[in-house]
Amino acid sequence: MNAFTGGFRVAQTRLAIGKAVSEDATVAALESAQVVALAILVREQLDPAVFATLYRPFATVLPGPGYQPPPPVDRQIAAFLARLPTLSGPTESEVASVAKVLSEPPKAAAPGAAAGGAPSLIQPRKFDPAANYQTAWKAMIDTANKSGRTMAFRAAQDGAEMAAPHDGSGIVGYAGVAAGGIFMRDLLPVEQVLVLYEPFAAAFPYESLQ
């Protein structure tokens, strides 16, 4: 455990991650790597669904223990639609909270907000989940249109929006976007599919849609 939480091993991991992602995302990625390493060490004592959730940041790039190839798209969408009506309570609240973060870019500090009225030196974060989500959403729409799948793509979205809880939680549209991402998974980069599915990742991990 200590090998993955401090010392030389962390320096190695940070260097490797830094080659693949921006500097401001490295800290979060390093933390995820440490969490996953610990989960692997104790996975025999973890519920499989809990382990799948912890391992998810790396599941598609580096398939974990027990990995199975994803089922056909229609079956995967059917599994997603079947689980949507079960959302309730804290799980549904978490979905709504993540969805809200992905729809609202972080606000930059107002000029003069620093002490004494001097211009603030705090810069907005470069790593913007909301921007990544919007980029993936636009790519999904464009790809669906160019591939001639618009009608079937819309049907997948509509089915998810109908199945999602209509109780004011605000997740209906995000359910449609997630289903659209699943439907287009063979034409979109996998990281974009996962970003579009992100609000529901803790409720039912993408890899569990068998």
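The values are calculated or read from the model by the stated rules, or taken from the named source; none is laboratory data. Because the structure is predicted, anything quoted here is derived from the model rather than measured. Note that we place each Cβ from the backbone using ideal geometry, even for glycine, and neighbour counts take in every protein chain shown. For accessibility, only protein heavy atoms count, side chains too; no ligands or nucleic acids. Shrake-Rupley method; radii C 1.70, N 1.55, O 1.52, S 1.80 Å.
For the ranges 28-40, 155-167, what's the packing order if you count other beta-carbon atoms within 10 Å of each residue, average per peptide, and put the highest first? Intermediate results must be reported in sequence, preceding the final value.
Details: 28-40: 16.1, 155-167: 17.9.
Taking the mean over residues of other Cβ atoms within 10 Å, the ranking is 155-167, 28-40.
Where a ≥ b ≥ c are the square roots of the eigenvalues of the C-alpha gyration tensor, would you call the range 171-210 rounded, which needs a/c under 1.5, or, failing that, prolate if a/b is larger than b/c, or oblate? Please report the intermediate quantities before stating the final value.
Numbers: a/c = 1.71, a/b = 1.20, b/c = 1.42.
Oblate.
Go through 138, 146 and list them by solvent-accessible area, largest first, probe radius 1.4 Å.
Putting 138, 146 in descending order of accessible area: 146, 138.
So for the range 121-210, averaging the separation of alpha carbon pairs under 8 Å that are six or more residues apart and normalising by length, what relative contact order in percent results? It would help to have the intermediate numbers written out before the result.
Working: 72 pairs, mean separation 25.2, N = 90.
Relative contact order of the range 121-210: 28 percent.
Provide the FRET efficiency to the nearest 0.05 for the residue 152-residue 12 pair, computing r from the beta carbons and using R0 = 45 Å. All intermediate terms of the calculation are to be shown ahead of the outcome.
Values: r = 45 Å, r/R0 = 1.01.
That gives a FRET efficiency of 0.50.
Kindly state, to the nearest 0.05, the FRET efficiency for residue 61 paired with residue 162, given R0 = 30 Å and r defined as their beta-carbon distance.
Details: r = 33 Å, r/R0 = 1.09.
After rounding to 0.05, the efficiency reads 0.35.
Quick one: 3J(HN,Hα) in Hz for the range 195-210, Karplus 6.51/-1.76/1.60 with θ = phi - 60°, rounded, Gly and Pro as x.
Along the range 195-210, the couplings run 4, 5, 8, 3, x, 9, 5, 7, 5, 8, x, 3, 5, 8, 7, 9 Hz.
Quick one: net charge of residue 162's neighbours, Cβ under 15 Å, K/R +1, D/E -1? Walk me through the intermediate numbers first.
Working: positive: 83, 154; negative: 158, 161, 167.
Result for the local shell: -1.
Would you mind calculating the gained length between residue 68 and residue 22 on full extension (0.36 nm times residue separation, minus the Cα-Cα distance), in nm to one decimal? Each step should come with its number before you reach the end.
On the way: separation 46, 0.36 × 46 = 16.56 nm, distance 3.01 nm.
Roughly 13.5 nm would be gained on extension.
Rounded to the nearest 0.05, what FRET efficiency do residue 49 and residue 190 have when you use their Cβ-Cβ distance and R0 = 22 Å? Let's see the in-between values first.
Values: r = 21 Å, r/R0 = 0.95.
So the FRET efficiency works out to roughly 0.55.
Could you give each residue of the range 157-168 its phi-based ³J(HN,Hα) in whole Hz, using Karplus coefficients 6.51, -1.76, 1.60 with θ = phi - 60°, and x for Gly or Pro?
Karplus-based 3J(HN,Hα) across the range 157-168 equals 5, 4, x, 5, 5, 6, 7, 5, x, 9, 10, x Hz.
By average Cβ neighbour count within 10 Å, what is the ranking of 13-22, 176-185, 96-105 from highest down? Spell out each step's value before the answer.
Values: 13-22: 12.5, 176-185: 24.2, 96-105: 16.3.
Put in order of decreasing packing, that is 176-185, 96-105, 13-22.
In whole Hz and in residue order, list the ³J(HN,Hα) couplings for the range 26-43 that follow from phi through the Karplus curve 6.51 cos²θ - 1.76 cosθ + 1.60, θ = phi - 60°; x for Gly and Pro.
Residue by residue, the range 26-43 yields 4, 4, 5, 5, 5, 4, 4, 4, 5, 4, 5, 4, 5, 4, 5, 4, 10, 5 Hz.
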